[in-house]
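Accompanying notes for the structure given below.
Values in this text are rule-based calculations from the coordinates and carry no lab data. Worth saying up front: this structure is predicted, and the values here are computed from it rather than measured. Positions of Cβ are backbone-derived with ideal geometry, glycine not excepted, and every protein chain shown enters the neighbour counts.
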Amino acid sequence: MPRNGSPSNGSPIPAGRVASIDYGRRRIGVAICDAERILASPLVVHETTGDTVADAAFFRRLVADESIVGFVIGLPVHADGSDSRMSVEVERFGRWLGEATGLPFVFHDERYSSREATGLLAGSGLTRGKKKQRFDAVAAQIVLASWMESQRHAATVGHSLPLED
C-alpha cells in the first residue's frame, strides 16, 4: 500500500512524532507517538462539521502543540486488500490534510483496527458512552502501532546480515 504523499517533495516521514488518523465523516480519531516511535497513545476524537477552515485550524494546532512531523492515515480496505468505497474518500482527505498542514503523510492498512479497538475497550471498565467517545482515537492508536511495527520490521530486514554458508 505505497500510497504515500507529501505536499512538497514526496519524501518519507522524517524522524520525530507522528500522528495517526482514523478518518470518519463525523468523527476523526487521532493518536500520537513519542519522538522515538516506541509507544502509540490515543489522543483525541475531533468532531467535524465539514467546515474545512475549522478542521484545518484544528490540525495545524495539533501539529504545533504536539510537534508532529507527519501523518499515518488509516486506509479502509476489504479483507482481500482491495479498495473499499471509503478508500477514495480517505485518500482525498489525506491529500487535503497534507495541503492543510504542509506535512508528509502515508496511508496504512486499517483492516481489523475497529475489531481490535472494540476488544481493547471491552475490558476497560468504561461506560458505553465513554467507550464510544474514545473508540476512534483507540482505532487510530492501533493503526499507528501497526505502522510503527512495520517500520521497525522494514528497518530490520533492510539491515539484516547475509546468511553464512
GluC sites (Glu not before Pro) lying in DSSP loop within the stretch 33-81, provided at most 16 other Cβ fall within 10 Å: GLU36
Potential lengthening between ARG85 and ASP109 on full extension [0.36 nm per residue; Cα-Cα distance subtracted]: 7.2 nm
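Write out the trypsin sites (Lys or Arg not before Pro) in the stretch 24-81 meeting two conditions: DSSP loop, and at most 15 other Cβ atoms within 10 Å of their Cβ.
In loop regions of the stretch 24-81 (DSSP not H, G, I, E or B), the sparsely surrounded trypsin sites (Lys or Arg not before Pro) are ARG25, ARG26.
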Difference of contour (0.36 nm per residue) and Cα-Cα distance, ARG61 to HIS153: 30.0 nm
Of the chymotrypsin sites (Phe, Trp or Tyr not before Pro) in the stretch 33-92, those whose Cβ has at most 16 other Cβ within 10 Å and which sit in DSSP loop: none
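What does the extension gain come out to for ARG26 and LEU39, with contour length at 0.36 nm per residue minus their alpha carbon separation?
Gain on stretching ARG26 to LEU39: 2.0 nm.
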